[in-house]
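Structure first, commentary second.
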Amino acid sequence: MGILTDVWTWLTTGSHWTGDGGVLQRLGEHIYLTGVCLLLSCALALPLALWLGHVGRGGALAVNLSNAGRAVPTFAVLVLLSMGPLGRYGDWATIVALVLFALPPLLTNAYTGVREADREVVEAARGMGMTGLQLLRQVELPLALPLIMTGVQTAAVQLVATATLAALPGGGGLGRLITAGFGNYDTPQVVAGALLVAVLALLVERTLTLAERLLDPMRRRPARSPAPT
Amino acid sequence: MSSAAAGGPQGCLAQNEWLCGEYLRTRQSELLDATVEHIWITALSIAIALLLALPLAVAARRWRAARAPALAVTTILYTVPSLAMFALLLPVFGLSAAVVVTGLVLYSLTVLVRNILAGLDAVPGEAREAARGMGYGSGRLLFEVELPLALPALLAGVRIATVTAVSLTTVGAIVGYGGLGNLIYDGMESFFKAQVLTASAICVVLAVVADLLLLWLQRALTPWTRARTRKRAVRGPSAPTAASTHDLVGKAG
């Protein structure tokens, strides 16, 4: 496999990493785009989904949004937005497209998490005289946390993927290594760029899976479940 | 749109408008060719994935030791972004449709294996015991009892995989085999608004039509699930089924 040696040579060539359009710059752009958009989409989606789940409204919307999001090609939205009026404002077309595709998994998972919090526990808390806000903060939110974190993880992986595609209409990020490689018929660069993207996506996925385990409030309460009443 | 009807230098093509009837009329055959390519790439990928997923899921079920590694590999494959997946397959297949089809097969395989496994796991032990008691061998048990009972989960997986594949095929434009994605890509390079919007819209329509057709197939093949859903709805909310849980984890880009 001569290609593997070529890819290795590409990756170990220092000049490919530094300088304008080098790996480090593209990696920085990719992480910046992913991070900013994850924060933005969490800030938009989580309060809304938690509230909708708490009052039990808009379930069909929150659940169907994920299905609708799947049917709309990410590539098409990126191109449409970059050609529209937003395209004139630098990164904004990319940021809006990324956030749009990160919202569905966040909304769907957080909503489902709150709705499927054990109704008996919620009723008991209400019976103890908890107000709506206390109920949401102290009962529903901790019970929903595993699914919320699944949503954050899915959204983050999605963002890494969408940010890669953003290179096609001329955005930054590691995808640029792949598109530039295609442009120059430079297969080693295409494969090297793809490897870097894949590793970044897997690292993000692993990190958030670990974070999910550390944050889970039920983690500290092992099998000592109360006797059924 | 009145200018569209007029055509000529003042027409919507010359004005580079988003919505353009003239574009639809003059580029019909181009649009049709792209749509046909889009459909065969998607359909072929799902068909191959289904043929591979069934034996894999059955094997992962029979040999418990194979289960964890199989699920780990599929999770890793699913996490790789589509552009990277196609780029990684480029040295293997060169600039060909095989790059796109193989990438889509790998993604679909993930959804299908997980859903078929979840479906097989959900087969009630009583049904299995009853079949064994009636003298069913393991082959007959699989094909006449377990697979039919896992059919709803399998078809739910096929729906998710198909809609995802229709959307991801567009990225195949990077190797020149993206169906409608090719038109989006060319439209992007030449800043041709009507072409990008029309091809994108047809893509969404394809995904929705495919989803509805599969939903209809699902209803036709598994009439018993509808009766059960109705009963469950009366009893109130229930735990999510395996298929709907997987719905919570999407794939795009």
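The values are calculated or read from the model by the stated rules, or taken from the named source; none is laboratory data. Treat the numbers as computed from the prediction; the structure is a model and nothing was measured. Here the Cβ is made from the backbone with ideal geometry for all residues, glycine too, and neighbour counts use every protein chain on show. To get the accessible areas, we keep the full protein, side chains included, count just its heavy atoms, and leave off ligands, DNA and RNA. Shrake-Rupley method; radii C 1.70, N 1.55, O 1.52, S 1.80 Å.
Below is a table of values for the structure above.
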read-out: Scope region B:30-45; condition open to solvent by 80 Å² or more (accessible area, probe 1.4 Å) and of a type outside the set (A, V, I, L, M); matching residues; value: B:Asp33, B:Trp40
read-out: Among the residues listed as A:Gly113, A:Gly56, the single one being on the phi > 0 side of the Ramachandran plot and within 11 Å of another protein chain (Cβ to nearest Cβ); value: A:Gly56
read-out: Some residue of region A:50-73 being open to solvent by less than 20 Å² (accessible area, probe 1.4 Å), under 16 Å from the mean Cα position of the chain (by Cα) and modelled with pLDDT of 90 or more; value: no
read-out: Number of the condition not met by B:Thr75 [criteria: (1) in contact with a helix residue (DSSP H, G or I) (Cβ under 6 Å, 6 or more places away or on another chain); (2) open to solvent by less than 60 Å² (accessible area, probe 1.4 Å)]; value: (1)
read-out: Conditions (1) open to solvent by less than 10 Å² (accessible area, probe 1.4 Å); (2) more than 8 Å from chain B (Cβ to nearest Cβ); (3) on the phi < 0 side of the Ramachandran plot: number failed by A:Gly173; value: (3)
read-out: Breaking point among (1) over 13 Å from the mean Cα position of the chain (by Cα); (2) more than 23 Å from A:Trp8 (Cα to Cα); (3) surrounded by fewer than 24 Cβ atoms within 10 Å (Cβ to Cβ), for A:Leu165; value: (3)
read-out: Residue check for A:Leu215: closer than 19 Å to A:Trp8 by Cβ and open to solvent by 30 Å² or more (accessible area, probe 1.4 Å); value: no
read-out: Elements of type helices (runs of 4 or more DSSP H) contained in region B:116-178, each with 3 or more residues being in contact (Cβ under 8 Å) with a residue 60 or more places away in the chain; value: B:147-169
read-out: Subset of region A:110-132 [free of Cβ contacts under 8 Å to residues at least 60 places away in the same chain and part of a helix (DSSP H, G or I)]; value: A:Thr112, A:Arg119, A:Glu120, A:Val121, A:Val122, A:Glu123, A:Ala124, A:Ala125, A:Arg126, A:Gly127
read-out: Region A:107-143: number of residues that are small (Gly, Ala, Ser) and closer than 30 Å to A:His30 by Cα; value: 2
read-out: Residues that are β-branched (Val, Ile, Thr) and either buried (at least 22 other Cβ atoms within 10 Å of the Cβ) or modelled with pLDDT of 90 or more (or both), drawn from region A:176-212; value: A:Ile178, A:Thr179, A:Thr187, A:Val190, A:Val191, A:Val197, A:Val199, A:Val204, A:Thr207
read-out: Tally of residues being closer than 20 Å to A:Ala76 by Cα and not in a loop (DSSP other than H, G, I, E, B) across region A:157-179; value: 13
read-out: Pick from region A:133-148, criterion open to solvent by 20 Å² or more (accessible area, probe 1.4 Å) and in contact (Cβ under 8 Å) with a residue 12 or more places away in the chain, ranking: farthest from the chain's Cα centre (by Cα); value: A:Gln138
